[in-house]
């Protein structure tokens, strides 16, 4: 892929909330293409038979989860002003559907590594939404899970051990289970798989991604 057209690379942090949590990753990518076009950003396009805007997401969010920490890189063929930052953020939010909101836009080096391989972890807040599930019950399930030497799971038919991918489980003062998981291309623990390992269904909790950790941070 030619880099000669690239003049600027932007990193967008955005929230995915409300009914948009049921939108899958591929549809989300299409949504972002529309947002950026409507905001009239000078997007760089891939070459080939079916050119697409050159975009890159950090890590796909499982369907049913909300987030305030999603990351997207966009390559531009012209430089645009990032000051005041609020102006560009508003420009993007005006063209965004309900439930999707841009929170921050920064510039990163054009030569910086690809975004997905930089992701090494994620932090989630898991809150009981089922009236029969108390915070104490949720914490007891988490402690039982941490006591296991191995947590055998299967994703897309491929078995793996979830236990070494759980970096931290703790209950905060508000009765919310905070989970920090290894996430990314090298080791990927999904929050929905953790919830299933807790012997819970996704509708019994509210799961929210509140931070992604990158290797260069």
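Since every read-out is calculated from the coordinates, none of them should be taken as a lab result. Computed from a predicted structure; not experimentally measured. Quick reminder, even Gly has a Cβ in these numbers, built from the backbone with ideal geometry, and neighbours come from all protein chains shown.
Points worth noting:
- Extension gain for residue 106 to residue 196 (0.36 nm times residue separation, less C-alpha to C-alpha distance): 28.8 nm.
- Per residue, the convex hull spanned by the Cα atoms of the stretch 118-217 measures out at 98 cubic angstrom.
- Gaussian network model of the chain, springs between alpha carbon atoms under 10 Å - residue of 123, 193, 168 with greatest fluctuation: 168
- Stokes-Einstein, applied to the Kirkwood radius of the stretch 102-142 over Cα pairs at a viscosity of 0.692 mPa s and 37 °C, places its translational diffusion at 227 µm² s⁻¹.
- Global form of the stretch 160-216, assessed from the alpha-carbon gyration tensor, a/c cut-off 1.5: oblate
- The chain - percent relative contact order, Cα under 8 Å, separation 6 or more: 26
- 5 Å-binned pair-distance histogram of the stretch 55-154 (Cα, whole percent): 2, 8, 13, 16, 16, 14, 9, 8, 7, 5, 1
- Principal-axis tilt of helix 25-38 within the chain, Cα atoms, nearest 10 degrees: 30
- Computed over every Cα-Cα pair of the chain and binned at 10 Å starting from 0, the pair-distance distribution P(r) comes out as 8, 31, 32, 19, 9, 1 percent.
- Alpha-carbon centroid distance for the pair the stretch 163-217 / the stretch 95-149, whole angstrom: 6
- Computed over the stretch 9-115, the convex hull of the alpha-carbon atoms projects to a mean area of 6.7 nm².
- For the chain, built as a Gaussian network whose Cα springs stay under 10 Å, the top-fluctuating residue of 165, 82, 43: 82
- Of 160, 22, 45, the residue with the greatest mean-square motion in the GNM of the chain, using alpha carbon springs below 10 Å, is 160.
- C-alpha long axis of helix 85-94 to longest principal axis of the chain, angle in °: 80
- Nitroxide proxy distance, nm - points 7 Å out along Cα→Cβ at residue 38 and residue 146: 4.4
- Only helices enter the 222 nm calculation for the chain: every DSSP H run of n ≥ 4 contributes -39,500 (n - 2.57), and dividing by all residues gives -6000 deg cm²/dmol, rounded to 500.
- The angle separating the long axis of helix 135-146 from the principal Cα axis of greatest extent in the chain is about 90 degrees.
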